[in-house]
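Engineer: First, the structure itself, so that you have it in front of you.
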Protein chains: 4
Amino acid sequence: MARPAVKKQDMENAAIRLFATKGLAQTTVKDIASEAGVTEGALYRHYPGKNAMAWQLFCREIETFSAELGTRMFAPGAPLAARVEASVRFIFDYYGKYPVQFAFILLTQHGFPEERILDVASNPNDMVERFVDEAVRAGEIPSMNSSLASGLVLGLVLQVMVMDRYDRIEIDGSVVDDVVSAVKRVLMIG
Amino acid sequence: MARPAVKKQDMENAAIRLFATKGLAQTTVKDIASEAGVTEGALYRHYPGKNAMAWQLFCREIETFSAELGTRMFAPGAPLAARVEASVRFIFDYYGKYPVQFAFILLTQHGFPEERILDVASNPNDMVERFVDEAVRAGEIPSMNSSLASGLVLGLVLQVMVMDRYDRIEIDGSVVDDVVSAVKRVLMIG
Amino acid sequence: MARPAVKKQDMENAAIRLFATKGLAQTTVKDIASEAGVTEGALYRHYPGKNAMAWQLFCREIETFSAELGTRMFAPGAPLAARVEASVRFIFDYYGKYPVQFAFILLTQHGFPEERILDVASNPNDMVERFVDEAVRAGEIPSMNSSLASGLVLGLVLQVMVMDRYDRIEIDGSVVDDVVSAVKRVLMIG
Amino acid sequence: MARPAVKKQDMENAAIRLFATKGLAQTTVKDIASEAGVTEGALYRHYPGKNAMAWQLFCREIETFSAELGTRMFAPGAPLAARVEASVRFIFDYYGKYPVQFAFILLTQHGFPEERILDVASNPNDMVERFVDEAVRAGEIPSMNSSLASGLVLGLVLQVMVMDRYDRIEIDGSVVDDVVSAVKRVLMIG
DNA sequence: CATGAATGAGCCTTCATTCAT
DNA sequence: GATGAATGAAGGCTCATTCAT
């Protein structure tokens, strides 16, 4: 009978918040521990180390996000344009609702010494690629390099978020509208 | 007699190469020194410290790049579409010719504890923004949020490079063509 | 119902095996627990701490061994040479039969921060010393410094085992014969 | 031009003294540093780490010792018995003159996680083995297993030192005489 | 009796920076 | 200008031990 281990949750929340704010390398184990109200050693009961913890949380967050994104992107029966629109809107909703988690994904993605975001089992990149492939095969959009298309589309969305975090723009409804139509134009939909 | 302080050059080259390869935080002063064939203390003869050195090199690289980019983007007398095309092609040329420098810019941009790329005096972001503003004012493209547009356009280009570095795509002529037309579609040119 | 506290046995066996293999300092409480299939805290149900456990086991093993050795060394009525021979043979038999326990004694003897093998109530050293004293008093061997003689004799036997563990020699019947006669020559028996 | 680096000497002396006194595992880097009057980091300019330092010093000490021992053991032209006697006396002289170094060799020999004394290039064990082989080949002593003989002889000498360090005996001239004759008897010389 | 999360002190190591030479 | 030994402040991690469950 283990105790409710609520401290683990505290540590994970603290870690994500700190990773998202200061970056992986700039966040110390001591930071995480004191933010979570525990001592340093406690981390090592649940994770093999700091980087491993970050990577594990990173995968979990990105997979949670991807799973939900998938239901929009591949909603059965929905027309292509609607699925694109729903997907983009979902991403920005998610970004608005879980800004810390999203910032964590955004800021940490290139910071791992060994691992890479594309190694995560279910990642948005692969999903967009599959989406494009299927659309091409269905004759709904012209033939195109799906890997490239996936990069282009994600570039549009992610960079807008980067600019939001850098206070260059403020994301609101009209911005999202603009991104939706940019994505459609890049994919030559409608 | 002996050549002059060619050591400084060696150190800068080593630093850029290492920062581009391993990232700022993962590169130690000892790494730089030994790669350049000098000792650790030598760095402090030319720079106040490691981060300052990186930031200084970063600004220099980005300004060199920006200056050249500007001549394409604002080529006097050239039509809009041609300037867009020339700009995108230049970016990829530069990326192909100075991959280390470019990776340095790409990988280091989020790695500074204090500074940010948008603070660099002459940065691509501002340039694209100005480009869009002028095009709108000239009635060459529909009215649009230029900050957002700048983000979208840079997102297209940068993410393609990220994917190249992650071996998801290989940049060649047709990829560049595709990016050029994606940028044009996003800016609603032609 | 369930068997009684067989867990304690498991822990002791695991501890002895690990101490013998990796040494005292290199063996962690977690090692012992996981090897024994229990959790870390369980150790403290039976022992005040790791070092105390090791010392207790060490004393137990050495006393068990010493007691049996004593019956050979001081077998009533047996001639001196026979008792020496029986003793040496017993040591090597024991070493062959309980290699882990013996290695534990051998490798751990200098590893305790506070305690020392010579502090154990019944230890081989004291026994050999008494043996020599009595033989001298009985006029069976020339007068000699019994403390020194005890060191010499034990040195012969123990170092052979060390060499066996280091794979420099392989102990077999003829090796034991040689050690027996070496001991006799050192003690000037026969 | 490096400064006289007298601190390195201090650190090595402190390390040897501490390793000999408390053992390898019980000696911390902080101990060594503070005993040598430097800070912890200083160690890492000269050695890759604590264990590496200990092993390096250990090898150096044992090789210094072995080299000198070799000149006695293989003194050209000297008769066998004289060489044995000179060798044993030299060992005890060395032990008396450099008790710390010798204790370091004695106490540390089993404490390395990876390495072993018999792996040292020039070690006493190999030397004694060669000595016995040559003596057998020259017909000066009966045929015998030289590996075993080497173990026996070293067992005699080392265990006497262990007992000295444990205050069970006090080494003086007559003890050394006794060890010399014990060695001769074991090797069946004279 | 057993669990295992948590502690707290300490360990080895790293590294940007300083400074006597 | 250059050297490299030394510093000092962390940093990540380990581990014997405690204790609420």
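The values are calculated or read from the model by the stated rules, or taken from the named source; none is laboratory data. Quick caveat: nothing in here was measured; it's all calculated off a predicted structure. A quick note on method: Cβ atoms are made from the backbone with ideal geometry, for glycine too, and the neighbour counts reach across all protein chains shown.
Engineer: Between B:Phe92, B:Phe58, which is at pLDDT 95 or above, more than 11 Å from DNA strand E (Cβ to nearest atom) and away from chain D (no Cβ under 14 Å)?
Structural biologist: Within the list B:Phe92, B:Phe58, the selection yields B:Phe92.
Engineer: Can A:Leu18 be described as free of Cβ contacts under 8 Å to residues at least 40 places away in the same chain, in contact with a Ser or Thr (Cβ under 8 Å, 6 or more places away or on another chain), within 13 Å of DNA strand F (Cβ to nearest atom) and within 16 Å of A:Val100 (Cβ to Cβ)?
Structural biologist: Yes; evaluated as a whole, the condition is true for this residue.
Engineer: Have a look at C:Glu68, C:Glu35 and point out the one that is more than 14 Å from chain D (Cβ to nearest Cβ), farther than 15 Å from C:Gln109 by Cβ, within 15 Å of DNA strand E (Cβ to nearest atom) and not hydrophobic (A, V, I, L, M, F, W, C).
Structural biologist: The match here is C:Glu35.
Engineer: Which of the following residues is of a type in the set (Lys, Arg), part of a helix (DSSP H, G or I) and surrounded by fewer than 15 Cβ atoms within 10 Å (Cβ to Cβ): C:Arg89, C:Arg72, C:Arg60?
Structural biologist: After ruling out the rest, the residue left standing is C:Arg60.
Engineer: When D:Met73 is evaluated against the numbered criteria (1) under 30 Å from C:Phe112 (Cβ atoms); (2) away from DNA strand F (no atom under 16 Å from the Cβ), which criterion, by number, is the only one it fails?
Structural biologist: Unmet condition: (1).
Engineer: Residue by residue through segment A:163-178, note down the ones that are more than 7 Å from chain B (Cβ to nearest Cβ), of a type in the set (A, V, I, L, M, F, W, C) and either crowded, with 22+ Cβ neighbours inside 10 Å or not in a loop (DSSP other than H, G, I, E, B) (or both).
Structural biologist: A:Val176
Engineer: Of everything in segment C:41-55, what is surrounded by fewer than 16 Cβ atoms within 10 Å (Cβ to Cβ), more than 11 Å from DNA strand E (Cβ to nearest atom) and either closer than 19 Å to C:Ala20 by Cα or of a type in the set (Phe, Trp, Tyr) (or both)? Give them in sequence order.
Structural biologist: C:Gly49, C:Ala52
Engineer: Identify, please: which residue in segment A:13-31 is outside any loop (DSSP other than H, G, I, E, B) and within 11 Å of DNA strand E (Cβ to nearest atom) and is, among those, farthest from A:Thr108 (Cα to Cα)?
Structural biologist: Here the residue is A:Lys30.
Engineer: Within segment B:30-70, take every residue that is under 24 Å from the mean Cα position of the chain (by Cα) and of a type in the set (Ser, Thr, Tyr) and give me the one that is nearest to DNA strand F (Cβ to nearest atom).
Structural biologist: This residue is B:Tyr47.
Engineer: Determine whether D:Gln101 is within 14 Å of another protein chain (Cβ to nearest Cβ) and either within 16 Å of DNA strand F (Cβ to nearest atom) or part of a helix (DSSP H, G or I) (or both).
Structural biologist: Judged against the criteria, D:Gln101 is not a match.
Engineer: Follow-up question, since we're still on this one. Of everything in segment D:114-143 that's without any contact (Cβ under 8 Å) to a residue 40 or more places away in the chain and surrounded by 18 or more Cβ atoms within 10 Å (Cβ to Cβ), which residue is farthest from the chain's Cα centre (by Cα)?
Structural biologist: Only one residue fits best here, namely D:Glu129.
Engineer: Here's something else I'd like to know. Select from segment C:36-57 the residues that are in a helix (DSSP H, G or I) and of a type in the set (A, V, I, L, M) and write down the one among them that is farthest from C:Val175 (Cα to Cα).
Structural biologist: Per the stated criteria, the residue is C:Ala42.
Engineer: Can I ask one more? Look at segment D:74-113 and say how many of its residues are of a type in the set (S, T, N, Q) and over 12 Å from the mean Cα position of the chain (by Cα).
Structural biologist: 1
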